[in-house]
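Participant: Below you will find the structure I want to go over with you.
The values are calculated or read from the model by the stated rules, or taken from the named source; none is laboratory data. Since we're looking at a predicted model, the values are computed, not measured. Neighbour counts run over all protein chains shown; Cβ positions are idealised from the backbone, glycine included.
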Ligand code: GTP
Ligand code: SPV
Ligand code: MN
């Protein structure tokens, strides 16, 4: 606060607001690299040497040069912090330890919310392996340029580098989110993904939740959606159907392994939420709002004159005439075009998980929770039905590899282009994506209870650009259908692209739903879509496409081509 980086929001206890330099507001995928001796440990053998979009390789020589260019002296005149942290409960056999060096006090505060930071780490560390994390905002003092918003960063020199062989992360130039809170994407997905590959488990961009139905039966699901596509919201939904209870285990990352009984178990390695603020309100996500009543840090949101936070979506929850200051420090009035939007579209809240009223009693259980279903999804305005079920594990892996989504503000991409984001992992891969897919296929073994795999789309629109599905708490209706499918109820029918609900088998009581439009599988759309998917996989994964996945592609494509 003395330096001006944070100030207090007086409306809630122990809650602070922070505005960054507007050049440092999201992950920078184009500057995210993975270092390996062999290029193809990181990248796939792309067709005709096409540039890889699935992990970017840097050679050890270039990595060394990049570090030498940036790091010597980079923290001069600044405080350096040493952050010992655990991903997962401290001392659990499934947890992993990291140590982050950083010169950002904002990072220190957020790491204490997002991970388990404690002196006990040194005690349990012993001679165990730990992940080395090095972070600098890249602004030695005295600074010879203007610091914007008291937020030091070095956008021209940003690099987020990973050395999976050495279990090390090196990040320079950005203080924002996944670029700087190195326990999250860098460690828990990219480095842990590689450790998981070596050790036979999985590190995935997935929420973890449970649903209990009116009969008292509880099932756990994980769901992988690309960034800003609804994980935090689904993980905490307030079900609209009476008699159902949802509990949250995690909202962004799942570490999963099969136990000796062949059951897939999942833990949330994180300790807090770094959630998208815009769109969050008491209607869409009351449990997140409850978590935001104290002990939080809000980044790049707007502020009301009475010391509260504000963002797009909270219009009905504050006084209509209250003066608002935007994330850029400009005056704003609700409904006005001037200085809209008040908050950056990737503005975020950082909240301790224990603040969320529906955390599952087992959310910190070192054994994890048993997973019955894996859900993929994305923002698909056109063509893709509300839910598809995979025919088996192999087809499910193919459904995951097919994931595409409209670009969002969580990364640097502009506009609403539909981008491939296979397994919702495109920005978070730490090794060759063909090997990653083979690793998924290898999970299926005799004696293992393979979870069912689904694909959902909450974002299909009609001709007037209106969502066909109300989403949020109503998504319980789709989860209920999935639970019944896990129990083997005969409520699905085959199509060229997978199983879909028999008409009327999803409870839509009280909703005004156009079933035909919501569930249709337009042949022309799917023909061009699957041909485009083939082009993409052949270009990007090339010879590394696992043979089993290639035959899934051939099989589904032939069926789609035969559609009338
Ligand atoms: P990351 O933290 O970036 O990984 O994002 P996330 O996957 O957790 O996404 P989040 O739940 O924060 O949702 C992002 C945006 O999608 C928010 O603006 C939500 O309001 C919106 N959203 C979430 N769920 C739904 C839904 O069911 N329907 C609609 N229409 N919008 C949704
Ligand atoms: C995402 O982009 O998927 C996030 C936010 O969860 S960040 O931690 O910044 O990557
Ligand atoms: Mn995420």
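Participant: Of all strands (runs of 3 or more DSSP E) completely enclosed by segment 399-476, which ones contain at least 3 residues that are at pLDDT below 95 and more than 16 Å from ligand 3 (Cβ to nearest atom)?
Facilitator: Once the strands (runs of 3 or more DSSP E) in segment 399-476 are filtered for at least 3 residues that are at pLDDT below 95 and more than 16 Å from ligand 3 (Cβ to nearest atom), nothing remains.
Participant: Any idea which of 421, 442 is under 30 Å from residue 51 (Cα atoms) and either within 16 Å of ligand 2 (Cβ to nearest atom) or buried (at least 24 other Cβ atoms within 10 Å of the Cβ) (or both)?
Facilitator: Details: 442 fails: either within 16 Å of ligand 2 (Cβ to nearest atom) or buried (at least 24 other Cβ atoms within 10 Å of the Cβ) (or both).
421 is the lone residue from the list that is under 30 Å from residue 51 (Cα atoms) and either within 16 Å of ligand 2 (Cβ to nearest atom) or buried (at least 24 other Cβ atoms within 10 Å of the Cβ) (or both).
Participant: If you don't mind, there's one more thing I want to ask. Could you list all residues from segment 224-242 that are in contact with a helix residue (DSSP H, G or I) (Cβ under 9 Å, 6 or more places away or on another chain), part of a loop (DSSP other than H, G, I, E, B) and either within 12 Å of ligand 3 (Cβ to nearest atom) or under 19 Å from residue 347 (Cβ atoms) (or both)?
Facilitator: Result: 225, 226, 227, 229, 230, 236.
Participant: Here's another thing I want to ask about it. Can we say residue 488 is part of a loop (DSSP other than H, G, I, E, B), in contact (Cβ under 8 Å) with a residue 12 or more places away in the chain and on the phi > 0 side of the Ramachandran plot?
Facilitator: no
Participant: Among what's in segment 328-351 and is surrounded by 20 or more Cβ atoms within 10 Å (Cβ to Cβ) and within 16 Å of ligand 2 (Cβ to nearest atom), pick the residue that is farthest from residue 10 (Cα to Cα).
Facilitator: Checking each candidate, the answer is 346.
Participant: Something else now. Return yes or no: is residue 127 out of contact with any helix residue (DSSP H, G or I) (no Cβ under 8 Å at 6 or more places or on another chain), at pLDDT below 95 and in a loop (DSSP other than H, G, I, E, B)?
Facilitator: yes
Participant: I've got another one for you. Sort out which residues of segment 522-544 are more than 19 Å from residue 419 (Cα to Cα), part of a loop (DSSP other than H, G, I, E, B) and touching a helix residue (DSSP H, G or I) at 6+ places or on another chain (Cβ under 9 Å), and write them in order of number.
Facilitator: Correct list: 543, 544.
Participant: Further question: Within segment 205-215, track down each residue that is over 19 Å from residue 93 (Cβ atoms) and either in contact (Cβ under 8 Å) with a residue 24 or more places away in the chain or under 19 Å from the mean Cα position of the chain (by Cα) (or both).
Facilitator: 205, 206, 207, 209, 210, 211, 212, 213, 214
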